[in-house]
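Working notes for the structure below.
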Amino acid sequence: MVTYVSLINWTDQGIRSFTDTVKRAREFRSLAESNGGQVRELLWTVGECDIVAVVDFPDEETATALLLKVGALGNVRTRSMRGFDEEAMERIIAKAG
């Protein structure tokens with residue numbers, strides 16, 4: 001599994017339909033699960049970003065495909081970062097050192 005942290009902002013379309021945000025989040029959770037992923041955390045935030053998500057995907061291609069699919073709906077724009085857990089970071093350090 002690969003982990004992504006996404007900083008999410010509503011588009012003009014997304015903010016106009018903010019009342020549907022929980023429904024859209026549930027649909028995203030179902031989409032991720034049906035493609036072998038898992039939404040670890042989904043938080044609505046106040047400030048620079050509207051939503052923060054931490055999602056595990058089976059692989060990089062699935063992550064990219066699902067993020068593209070969600071973006072194409074027009075409600076949100078994402079800035080996504082690949083995340084590494086402690087064990088992965090230890091392996092990375094061992095390879096670098």
(request) Any chance you could count how many residues in segment 36-53 are under 20 Å from THR11 (Cα atoms) and assigned to a strand (DSSP E or B)? (result) 6
(message) Being among the acidic types (Asp, Glu) and closer than 17 Å to ALA65 by Cβ is the filter here; which residues of segment 1-20 pass it?
(response) none
(message) Exactly one of these conditions fails for GLU41: (1) surrounded by fewer than 13 Cβ atoms within 10 Å (Cβ to Cβ); (2) on the phi < 0 side of the Ramachandran plot; (3) over 13 Å from the mean Cα position of the chain (by Cα). Give me its number.
(response) (3)
(request) Return only the number of the condition from (1) touching a residue at least 60 places away in the same chain (Cβ under 8 Å); (2) out of contact with any strand residue (DSSP E or B) (no Cβ under 7 Å at 6 or more places or on another chain) that TYR4 does not satisfy. (result) (2)
(message) Only one of THR62, THR78 is at pLDDT 95 or above, outside any strand (DSSP E or B), buried (at least 16 other Cβ atoms within 10 Å of the Cβ) and among the polar types (S, T, N, Q). Can you tell me which?
(response) THR62
(request) For segment 65-75, name all the residues that are more than 18 Å from PHE18 (Cβ to Cβ) and either over 13 Å from the mean Cα position of the chain (by Cα) or not in a helix (DSSP H, G or I) (or both). (result) ALA72
(request) Using the structure shown, decide if THR3 is crowded, with 16+ Cβ neighbours inside 10 Å and either at positive phi or touching an Asp or Glu at 6+ places or on another chain (Cβ under 6 Å) (or both). (result) yes
(request) Output the number of the condition that GLY97 fails; it satisfies all remaining conditions of (1) surrounded by 13 or more Cβ atoms within 10 Å (Cβ to Cβ); (2) modelled with pLDDT under 95. (result) (1)
(request) Could you list all residues from segment 81-97 that are within 16 Å of SER6 (Cα to Cα) and either outside any loop (DSSP other than H, G, I, E, B) or among the β-branched types (Val, Ile, Thr) (or both)? (result) MET81, ARG82, GLY83
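The values are calculated or read from the model by the stated rules, or taken from the named source; none is laboratory data. In this text, all values refer to a predicted model and were calculated from it rather than measured experimentally. Quick reminder, even Gly has a Cβ in these numbers, built from the backbone with ideal geometry, and neighbours come from all protein chains shown.
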